[in-house]
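A.B. asks: Sharing a structure here in structure tokens format.
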Amino acid sequence: MNTICTLTDSPLGKLLLTGEKSPAGTTLTSLTMPDHPTVPADRQRDDEAFTEATRQLSAYFAGHLTRFELPLAVEGTEFQQRIWQALDEIPYGTTTTYGALAERLDVPRAEIRALGAALGANPLLLVRPCHRVIGADGSMRGYAGGVERKVQLLTHEGALQPMLG
């Protein structure tokens, strides 16, 4: 397999998509929102290999797609994998709290910080919607892409009302 990447524009700024290319196709391994987007020196840029991913991202931002259907392959601990997979079940246009997610997954209250750390380590921003997890008081807790982008995403999905400004 060959590790490849591409940069694509979005309303949030440039997105860096990384994946593994094989004869069967491209598997997405990471989607990040770098502050200074460049193709890492150890990666080969291959825009064509990410055609489907960029098409789905465009459809999402245009309001035509509410769930991504892409081949994914991410590395993480068993605990992280369990948390990340649970994100797929949070419906578009809704939010849940860290506590509610922990309860649904039978994560003890003493391990809620570990759940938060697993969310923070999610390598597939947007695709695995960790932005839909908020504080019990409705506050916007940390987001690897930045809290401002989290608010933008939740507003885009209709989970938050647009701010008048």
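A.B. asks: Test R149 against the stated conditions and say whether it is outside any loop (DSSP other than H, G, I, E, B), open to solvent by 30 Å² or more (accessible area, probe 1.4 Å), within 24 Å of G63 (Cα to Cα) and at pLDDT below 95. Let's see the steps before the verdict.
C.D. replies: On the way: outside any loop (DSSP other than H, G, I, E, B): yes; open to solvent by 30 Å² or more (accessible area, probe 1.4 Å): yes; within 24 Å of G63 (Cα to Cα): yes; at pLDDT below 95: yes.
Answer is yes for this residue.
A.B. asks: Does any residue of the range 34-52 turn out to be outside any loop (DSSP other than H, G, I, E, B) and of a type in the set (S, T, N, Q)?
C.D. replies: yes
A.B. asks: Can you run down the residue pairs with Cβ atoms below 9 Å, 6 or more apart or on separate chains, where the first is in the range 36-50 and within 12 Å of T18 (Cα to Cα) and the partner is in a loop (DSSP other than H, G, I, E, B)?
C.D. replies: R45/V39
A.B. asks: So, one more: Would you be able to say whether some residue in the range 11-24 is among the acidic types (D, E) and under 17 Å from the mean Cα position of the chain (by Cα)?
C.D. replies: We begin by selecting, within the range 11-24, every residue among the acidic types (D, E); these are 20.
Those still in the list that are under 17 Å from the mean Cα position of the chain (by Cα) too: none.
Checking the range 11-24: not a single residue is among the acidic types (D, E) and under 17 Å from the mean Cα position of the chain (by Cα).
A.B. asks: Continuing with this model, one more query. Determine, yes or no, whether T6 is in contact with a helix residue (DSSP H, G or I) (Cβ under 9 Å, 6 or more places away or on another chain), outside any strand (DSSP E or B), hydroxyl-bearing (S, T, Y) and open to solvent by less than 80 Å² (accessible area, probe 1.4 Å). Walk me through it before giving the result.
C.D. replies: Numbers: in contact with a helix residue (DSSP H, G or I) (Cβ under 9 Å, 6 or more places away or on another chain): yes; outside any strand (DSSP E or B): no; hydroxyl-bearing (S, T, Y): yes; open to solvent by less than 80 Å² (accessible area, probe 1.4 Å): yes.
No: the conditions fail for T6.
A.B. asks: Pairs only if they're at least six apart or on different chains, beta carbon under 7 angstrom, first in the range 104-130 and free of Cβ contacts under 8 Å to residues at least 60 places away in the same chain, second surrounded by fewer than 16 Cβ atoms within 10 Å (Cβ to Cβ); list them, first residue then second.
C.D. replies: L105/R82; I112/G99; A114/F79; A118/F79; G120/G142; A121/G76; R128/D88
A.B. asks: For the range 93-107, give me each residue that is surrounded by 14 or more Cβ atoms within 10 Å (Cβ to Cβ) and part of a loop (DSSP other than H, G, I, E, B).
C.D. replies: Scanning the range 93-107 gives T95, L105, V107.
A.B. asks: Within the range 104-134, track down each residue that is at pLDDT 95 or above and of a type in the set (D, E, K, R).
C.D. replies: Listed by number, the residues that qualify are R104, D106, R128, R132.
A.B. asks: With the requirement that a residue be assigned to a loop (DSSP other than H, G, I, E, B) and under 15 Å from L126 (Cβ atoms), what does the range 65-90 give you? Break it down into steps so the answer makes sense when it comes.
C.D. replies: Initially, the range 65-90 is screened for residues assigned to a loop (DSSP other than H, G, I, E, B), giving 65-71, 73-77, 88-90.
Passing the criteria: L65, T66, R67, F68, E69, L70, V74, D88, I90.
A.B. asks: Now for a separate question. Scan the range 25-64 residue by residue and report those that are within 16 Å of L126 (Cα to Cα), aliphatic (A, V, I, L, M) and surrounded by fewer than 11 Cβ atoms within 10 Å (Cβ to Cβ).
C.D. replies: Within the range 25-64, just A62 meets the criteria.
A.B. asks: L119: assigned to a helix (DSSP H, G or I), touching a strand residue (DSSP E or B) at 6+ places or on another chain (Cβ under 7 Å), open to solvent by less than 20 Å² (accessible area, probe 1.4 Å) and within 18 Å of M33 (Cβ to Cβ), yes or no?
C.D. replies: On the way: assigned to a helix (DSSP H, G or I): yes; touching a strand residue (DSSP E or B) at 6+ places or on another chain (Cβ under 7 Å): yes; open to solvent by less than 20 Å² (accessible area, probe 1.4 Å): yes; within 18 Å of M33 (Cβ to Cβ): yes.
Judged against the criteria, L119 is a match.
A.B. asks: Within the range 122-137, track down each residue that is part of a loop (DSSP other than H, G, I, E, B), open to solvent by less than 40 Å² (accessible area, probe 1.4 Å) and out of contact with any Ser or Thr (no Cβ under 7 Å at 6 or more places or on another chain).
C.D. replies: Going residue by residue through the range 122-137, those that are part of a loop (DSSP other than H, G, I, E, B) are 122-123, 125-129, 135-137.
Filter again for open to solvent by less than 40 Å² (accessible area, probe 1.4 Å), leaving 122-123, 125-129, 135.
N122, L126, V127, R128, P129, listed by residue number.
The values are calculated or read from the model by the stated rules, or taken from the named source; none is laboratory data. Remember, predicted model here, so these are calculated numbers, not experimental data. Neighbour counts are summed over all protein chains in view; Cβ atoms, including those assigned to glycine, are modelled from backbone coordinates with ideal geometry. Side chains included, ligands, DNA and RNA excluded: accessible areas come from the protein's heavy atoms. Shrake-Rupley method; radii C 1.70, N 1.55, O 1.52, S 1.80 Å.
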